[in-house]
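The values are calculated or read from the model by the stated rules, or taken from the named source; none is laboratory data. The shown structure was predicted, so the numbers you read here are calculated from the model rather than taken from an experiment. Cβ atoms come from the backbone with ideal geometry, glycine included; neighbour counts cover every protein chain shown. Side chains are part of the model used for accessible areas, which takes the heavy atoms of the whole protein and leaves out ligands, DNA and RNA. Shrake-Rupley method; radii C 1.70, N 1.55, O 1.52, S 1.80 Å.
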Amino acid sequence: MVGKKRKRIIGNIIWSKRNHHKDGTSGVGLASTYHALIVIFLEFFAWGLLTSPVISILNDTFPKHTFLMNGLIQGVKGMLSFLSAPLIGALSDVWGRKPFLLLTVTFTCAPIPLMLLSVWWYFAMLSISGIFSVTFSVVFAFVADVTTEEDRSAAYGLVSATFAASLVTSPALGAYLQDLYSETVVIWIATAVALLDIFFIMVAVPESLPEKLRPASWGSAISWEKADPFGALRRVSQDQLILLLSTAVFLSYLPEAGEYSSIFVYLKLVMDFTKETVASYIAMVGVLSVLAQTLILSVLMKYLGNKHTIMIGLMFEIVQLSCYGFATQTWILWVAGCMAAMSSISYPSISAFVSTHASADQQGVVQGIITGIRGLCNGLGPALFGCIFYLFHVNIDADPKPEPPKEDNTTLPFLQVSFQNIVPGPPFAFGAVLVIMALLVAAFIPSSPTSFSFRKHGPSLALEAKKEPGSKKHEVEPLMAEVDVQL
């Protein structure tokens, strides 16, 4: 009986892999990685156009507390993403990827037109949009549906590279259009690009998750245990491999999230970069990130494996944050940008590492947990950086003439005197320490994750992947492990 059930389930998974495009869902062509690439490109191209207008709006609205308020707004958004990511990932395993691609892109881009109506409504919607701002988790699950295990690392690198490519020209184009016309024109163009992305998902993106891989009853597949983000953290703590990976993600992405939320404002208002220089800087980082996440990532994964690729990415991130923290000359910032591009290989490596050891019907949950950790960092990182900037009195006044320091007994003046000369960017230096800790954690990640087993905790991760050398059953063995646990 057990043997027959095992064969029937394995037959279903093989049929689904070969016939995932025959489910009758709307779309253009077969579901492929290229559909996901277009979705990611258009979404972040729209936001890239707004790089300069967003900096201006932040500085005009909160002239004395730009970093602090930016950190708090991004913090609320990130915390909401952390709370919602596991549920959205689980639901996408039941109802498919396409509805949630549409939902996440729509809500992520919803704040853009509000910049024209009311600044306060824009900031409010930007914070609330965090509930559905988890496009990457759905996209990675989409890619996992349409790729084999051998191709998945390269595909994830291509998705991350597309994100970087969307920022190559869009900030410079946005700054140019703002100077040529006005902020209003830039915002309308960004809105049009976002609407184009939504239309593309509705019309051209086919469903990637086969009907055969979906549970018969959504009520039996969705439970509070699966949707509870804190429950996900508890389950993470019970699996040694996932615990190591999640800890490394948290310690490395916490400063990265804070950096992303503030670096463009920091370069313009503190390091005196012009709008054009900021746009050129982003373009350089974008081009190098594309190269790193396609050519370099593939070579490293092939010859060094997941673990060492992750560690190399973390080492580049340490150098990058150190350069930002201690930079007193412009050329050091450009070096930091190069290091930032190289460090971008870490996240696709980790996502591919986890994905290859999840069953086909659990990809949304797996990516939801990783995205949930990143969402937690997106909440804590910007708030942490904003508070550190505020604590150390980093000058964000757009006026190039510095005012003499005021006596204030309620602050810590000795910190300001000491650190602003030695450490111009205190949050970045602190972030480098966190990434060093992440590197130490990553050192304990096994080179071959099959030596660890993923215990089955209700509807959590499936999954012991025990591959034999030379075996060609890599597509069905995670499912076999799940059957072993259940039977």
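What to note about this one:
- Some residue of segment 172-185 being in a helix (DSSP H, G or I), within 26 Å of Gly375 (Cβ to Cβ) and among the hydroxyl-bearing types (Ser, Thr, Tyr): no
- In segment 284-313, the residues that are surrounded by fewer than 18 Cβ atoms within 10 Å (Cβ to Cβ) form Cβ pairs under 9 Å with partners that are not in a helix (DSSP H, G or I) and not hydrophobic (A, V, I, L, M, F, W, C), at six or more places apart or across chains, as follows: Gly305/Ser447; Gly305/Ser448; His308/Ser447.
- Pairing residues of segment 322-349 that are among the aromatic types (Phe, Trp, Tyr) with residues that are buried (at least 24 other Cβ atoms within 10 Å of the Cβ), at Cβ distances under 6 Å and at least 6 apart in sequence or on separate chains, gives Tyr324/Ala336; Tyr324/Gly425; Tyr324/Phe428.
- Test: residue in segment 384-397 that is out of contact with any helix residue (DSSP H, G or I) (no Cβ under 6 Å at 6 or more places or on another chain), modelled with pLDDT under 70, open to solvent by 60 Å² or more (accessible area, probe 1.4 Å) and outside any helix (DSSP H, G or I): yes
- Hey, Thr169 open to solvent by 30 Å² or more (accessible area, probe 1.4 Å) and touching an Asp or Glu at 6+ places or on another chain (Cβ under 9 Å) or not: no
- Selection from segment 268-281 of residues that are crowded, with 16+ Cβ neighbours inside 10 Å and over 24 Å from Val423 (Cβ atoms): Lys275, Ala279, Ser280
- Subset of segment 122-166 (residues that are open to solvent by 40 Å² or more (accessible area, probe 1.4 Å) and closer than 19 Å to Ile296 by Cβ): Glu150, Asp151, Ala154, Leu158, Phe163
- Neighbours by Cβ (under 6 Å, 6+ apart or cross-chain): first from segment 145-160, farther than 10 Å from Pro348 by Cα; second open to solvent by less than 20 Å² (accessible area, probe 1.4 Å) and part of a helix (DSSP H, G or I): Thr147/Ala155
- Test: Pro53 is in a helix (DSSP H, G or I) and of a type outside the set (A, V, I, L, M, F, W, C): yes
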